[in-house]
Amino acid sequence: MSVTGSQPTRYAPTAKWLHWIIAACILFVIPAGIVMGRLPEGALQNQLFDLHRSFGVLIFALAVWRVYVRQSRGAPPPYPELSRLERIASTAVHHTLYILIIVMPILGWLMTSAYRVDVSVFGLFTLPHLMPQNDKTYEVLSTIHKMGGILMTLLVLAHIAGALKHTIIDRNDLIWRMLPQRRSD
Ligand code: HEM
């Protein structure tokens, strides 16, 4: 796939799998985050909170792995058929999404600590509190986490719209850069 010291022509298989697993987790945590805050207090709300936090922590771990794979194995250059505007826009969206999949879980963990609630990861283990209880800090972090969630939703929609445009309207093979390798490749 990649030649040491030169830019690879494709994404590493691990980068592709991580892309789709992280995407599936994001498609769960965002709607879960929106719904859980609007549910009446009770068992269902608690379960959704636990799942939201657990999948958020999973996203963080996978995101760190993904950044490591990108640094160590490299990434292919932008798709050659992109216009200058598309190249700038897609690079900005991708890089902001990388930042958000790292920052959003940290914000969630910080704010849950400030609220003095345990972050239990799928009931397997509990993360330590990152800070003492502080209602004011919780409110500030919660607002930033919500704004990050809105930004992330918009970027994910733009990302999906871009992929659909290339596949359905332009009918090029850009989507295959993130799919398992074809036999003919
Ligand atoms: C990539 C990961 C994450 C994303 C995209 C995300 C996204 C969201 C979204 C969209 C909301 C709904 C905000 C609203 O009510 O409009 C939310 C709420 C919330 N999230 Fe996350 N989240 C992530 C990770 C985490 C993690 C790791 C934790 C905790 C460890 C966490 C804790 C919370 C809590 C406690 C709320 C409720 C906030 C409140 O009502 O003040 N999140 N999140």
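Just to be sure, is Ala63 of a type in the set (Gly, Ala, Ser), under 15 Å from the mean Cα position of the chain (by Cα) and surrounded by fewer than 15 Cβ atoms within 10 Å (Cβ to Cβ)?
For Ala63, the condition - of a type in the set (Gly, Ala, Ser), under 15 Å from the mean Cα position of the chain (by Cα) and surrounded by fewer than 15 Cβ atoms within 10 Å (Cβ to Cβ) - is not met.
Table: residues versus (1) at pLDDT 95 or above; (2) within 11 Å of the ligand (Cβ to nearest atom).
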| position | (1), (2) |
| --- | --- |
| Ala63 | yes, yes |
| Val67 | yes, no |
| Ser72 | yes, no |
| Glu81 | no, no |
| Leu85 | yes, no |
| Ser90 | yes, no |
| Val93 | yes, no |
| Leu97 | yes, yes |
| Phe125 | yes, no |
**Request:** Restrict the check to region 35-55 and report whether at least one residue is farther than 24 Å from Pro13 by Cβ, away from the ligand (no atom under 16 Å from the Cβ) and either modelled with pLDDT under 95 or assigned to a helix (DSSP H, G or I) (or both).
**Result:** yes
- prompt: Can you find even one residue in region 143-150 that is farther than 26 Å from Val69 by Cβ, within 8 Å of the ligand (Cβ to nearest atom), in contact with a helix residue (DSSP H, G or I) (Cβ under 6 Å, 6 or more places away or on another chain) and aliphatic (A, V, I, L, M)?
  reply: no
Looking across region 92-120 at residues that are crowded, with 17+ Cβ neighbours inside 10 Å and free of Cβ contacts under 8 Å to residues at least 40 places away in the same chain, the single one that is farthest from Leu141 (Cα to Cα) is Ser113
Do the conditions hold for Tyr115, that is, is it more than 9 Å from the ligand (Cβ to nearest atom) and at pLDDT 95 or above?
-> no
Checked against (1) within 21 Å of His19 (Cβ to Cβ); (2) surrounded by fewer than 17 Cβ atoms within 10 Å (Cβ to Cβ); (3) among the polar types (S, T, N, Q), Gln47 satisfies every condition except (1)
Scanning region 126-157 for residues that are surrounded by 12 or more Cβ atoms within 10 Å (Cβ to Cβ), free of Cβ contacts under 8 Å to residues at least 40 places away in the same chain, in a helix (DSSP H, G or I) and not hydrophobic (A, V, I, L, M, F, W, C) gives Thr137, Tyr138, Glu139, Ser142, Lys146
Condition set under 19 Å from Met147 (Cα atoms) and among the small types (Gly, Ala, Ser), scope region 6-34, selection nearest to the ligand (Cβ to nearest atom): answer is Gly33
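The rows are residues; the columns are (1) over 16 Å from Val103 (Cα atoms); (2) among the aliphatic types (A, V, I, L, M).
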site	(1), (2)
Tyr115	yes, no
Asp118	yes, no
Val121	yes, yes
Gln133	yes, no
Leu151	no, yes
Val156	no, yes
Leu164	yes, yes
Thr167	yes, no
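Give the residues of region 167-184 that are free of Cβ contacts under 8 Å to residues at least 24 places away in the same chain and either closer than 22 Å to Ala12 by Cβ or not in a loop (DSSP other than H, G, I, E, B) (or both), sorted by residue number.
Quick first cut of region 167-184, residues free of Cβ contacts under 8 Å to residues at least 24 places away in the same chain only: 167-169, 171, 173, 175-176, 182-184.
Those that are free of Cβ contacts under 8 Å to residues at least 24 places away in the same chain and either closer than 22 Å to Ala12 by Cβ or not in a loop (DSSP other than H, G, I, E, B) (or both): Thr167, Ile168, Ile169, Asp173, Ile175, Trp176, Arg182, Arg183, Ser184.
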Exercise. Taking the condition in a loop (DSSP other than H, G, I, E, B), surrounded by fewer than 18 Cβ atoms within 10 Å (Cβ to Cβ) and within 18 Å of the chain's Cα centre (by Cα), does Ala75 pass?
Worked result: yes
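The values are calculated or read from the model by the stated rules, or taken from the named source; none is laboratory data. Quantities reported herein were computed from a predicted structural model and do not represent experimental measurements. When we count neighbours, we look across all protein chains shown, and the Cβ atoms used for this are built from the backbone with ideal geometry, even at glycine.
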